[in-house]
1. Hey, what did the chain get for relative contact order, percent, Cα under 8 Å, at least 6 apart?
2. For labels at GLU151 and LYS220 in the simple 7 Å Cα→Cβ model, what's the distance in nm?
3. Taking only the C-alpha atoms, wrap a convex hull around the stretch 132-210 and report its volume per residue in Å³ as a whole number.
4. For an R0 of 51 angstrom, estimate the FRET efficiency from the Cβ-Cβ distance between GLU309 and ASP210 and round to the nearest 0.05.
5. Run lengths n ≥ 4 of DSSP H only: what is the helix-derived mean residue ellipticity at 222 nm for the chain, with -39500 (n - 2.57) per run over all residues, to the nearest 500?
6. What FRET efficiency comes out for SER181 versus ASP260 if R0 is 51 angstrom and r is the Cβ-Cβ distance? Round to the nearest 0.05.
7. Could you state the number of Å between the C-alpha centres of the stretch 234-289 and the stretch 311-346?
8. Work out how far the C-alpha atoms of the chain reach from end to end along every principal axis, then list the three figures in whole Å, largest first.
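The values are calculated or read from the model by the stated rules, or taken from the named source; none is laboratory data. Predicted model only: the values in this text are computed from it and were never measured. When we count neighbours, we look across all protein chains shown, and the Cβ atoms used for this are built from the backbone with ideal geometry, even at glycine. Note: areas computed on protein heavy atoms with side chains; ligands, DNA, RNA excluded. Shrake-Rupley method; radii C 1.70, N 1.55, O 1.52, S 1.80 Å.
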Amino acid sequence: MPLIKYKIQMKRMIQIITVLLAFIFLLCNCTGRNIIMTVKGPLPEDKMGITLTHEHILVDFIGADQITEERWDRTKVISKVLPYLLEAKNLGCRTFVDCTPEFIGRDPVLLRILADSSALNIITNTGYYGAGDNRYLPQFVFNETAVQLAERWISEWNEGIKGTGIKPGFIKIGVSGDNLSEIHRKLVIAAALTHLKTGLVIASHTGPADLAFEELDILKNEGISPKAFIWVHAQNEKDNENHIRAARMGAWVSFDGLNDNNFNDYLSMIKKIKENKLLNRVLISHDAGWYDPAKENGGDFRGYAVLFEKLVPALKKEGFTEGEISQLLVINPSKAFTIKVHKIKT
Ligand SMILES: [Zn+2]
């Protein structure tokens with residue numbers, strides 16, 4: 001074979017092998033590993049880093065019958081919010097979970113732009129929020145069955161959200177009242193059905209314990225383990241024994257209203273959990289942010305720094321080890337948001 005032909009063939013072979021190796025590398029990076037779903041696509045769970053598990057970029061309280069994306073100017077939102085995201089990133093945050101549901105201002109495209117410009121991993125959600133007197137539920141939610149609602153949420157997982165190609169990384173619902181109303185029960189069942197088909201964790205705005213246990217009962221009836229459930233706003237339940245009980249069952253207990261004035265309360269709730277050796281069931285966040293398009297320049301915006309600047313130093317002072325702090329801020333979020341169906345073992 002002439003030398004020149006041999007060289008060309010060798011060059012082609014090397015090119016093919018390089019492409020093949022790159023493909024295998026990509027495949028290995030995500031397959032066989034647990035993943036979470038960000039607005040920019042899947043991410044191996046062990047790349048999540050320190051995670052704020054319950055925050056907001058934008059919230060619009062105008063109500064489901066009037067909300068549209070035209071109510072806010074993305075450029076203005078970005079110029080207000082980006083400095084706060086960068087502040088959190090400089091303090092060590094790597095992943096940011098945006099808990100604003102559809103019909104209260106969920107805007108996946110805005111989140112993807114912010115993920116690009118902040119270099120944070122950002123996660124969005126599917127689901128509907130029934131708390132707030134059902135003001136954020138459009139009429140069809142009342143007319144459709146749980147199966148039909150679940151179909152809508154499952155299709156966001158399969159096809160992406162409204163033509164954006166962006167997929168949700170968890171289910172967000174909201175319930176309220178002394179016990180679950182029929183419509184809120186329907187939301188929980190729809191979330192359960194969606195979990196079984198997608199492996200997305202269910203974060204439910206709940207508050208007091210009675211409702212949380214009612215929700216866990218519904219999941220049990222659907223064959224789902226409490227591991228698939230995040231009890232959002234668990235700090236509103238004042239009896240620590242109920243936190244312990246839910247954590248023992250396997251649910252995620254989310255203390256997520258951290259601010260400048262209450263971090264000592266958070267410290268004592270977390271200490272109680274530690275005494276019971278249940279640090280592996282707790283999530284901590286601020287429920288901060290809240291750019292409100294109805295207000296001048298988005299209104300008062302609360303940043304995401306207290307966890308890093310106040311709570312972590314206080315935990316260290318109380319003798320929490322680096323390992324325990326990493327359990328709370330890195331390991332627990334990665335386990336909670338890993339895409340996985342949690343059925344009750346029979
Ligand atoms: Zn919230």
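1. Across the chain, relative contact order equals 20 percent.
2. 3.1 nm
3. It is 98 Å³ per residue.
4. Details: r = 34 Å, r/R0 = 0.68.
The computed FRET efficiency comes out at 0.90.
5. Roughly -13000 deg cm²/dmol at 222 nm, from the helical runs in the chain.
6. On the way: r = 35 Å, r/R0 = 0.68.
Efficiency computed from Cβ-Cβ geometry: 0.90.
7. Each part's Cα centre sits 11 Å from the other's.
8. Cα extents, longest axis first: 85, 54, 52 Å.
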